[in-house]
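The values are calculated or read from the model by the stated rules, or taken from the named source; none is laboratory data. Note that the structure is predicted; figures quoted are calculated from it, not measured. Please note: Cβ atoms are built from the backbone with ideal geometry, for glycine as well, and neighbour counts cover all protein chains shown.
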Amino acid sequence: MFYVYLIQSEAFPEQRYVGFTSDLKKRIATHNAGGSVHTSKYKPWKLVSYHAFLEEHRAREFEHYLKTGSGKAFANKRFW
């Protein structure tokens, strides 16, 4: 499975992040351990939602969409 996930900083709730992974538990642990330069200064993170896909390209397409203007609006309305 391939996952698109949405996380939110517990210390700075206005900070949000959308990512892609094939190992969700490990990836969230990496974010909370400071292993990502994009998220390390806003840890700890909580998982808000995730979406599973059988095909990697579908997951990557969805992640890309969520990072566009219309995708952000969709996520704000439906997921956050």
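Key figures for this structure:
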quantity: Residues (exposed (fewer than 12 other Cβ atoms within 10 Å of the Cβ) and under 15 Å from Ile7 (Cα atoms)) located in region 53-66; calculated: none
quantity: Yes/no for Glu56 being touching a strand residue (DSSP E or B) at 6+ places or on another chain (Cβ under 6 Å) and more than 22 Å from Lys77 (Cβ to Cβ); calculated: yes
quantity: Residues of region 9-19 satisfying the condition of being buried (at least 18 other Cβ atoms within 10 Å of the Cβ) and not hydroxyl-bearing (Ser, Thr, Tyr); calculated: Arg16, Val18, Gly19
quantity: Those strands (runs of 3 or more DSSP E) lying entirely in the chain with at least 3 residues of a type outside the set (Gly, Ala, Ser), in contact with a Cys (Cβ under 6 Å, 6 or more places away or on another chain) and modelled with pLDDT of 95 or more; calculated: none
quantity: Output for region 38-69, where each listed residue is under 18 Å from Pro13 (Cα atoms) and free of Cβ contacts under 8 Å to residues at least 40 places away in the same chain; calculated: His38, Thr39, Ser40, Lys41, Tyr42, Lys43, Pro44, Trp45, Lys46
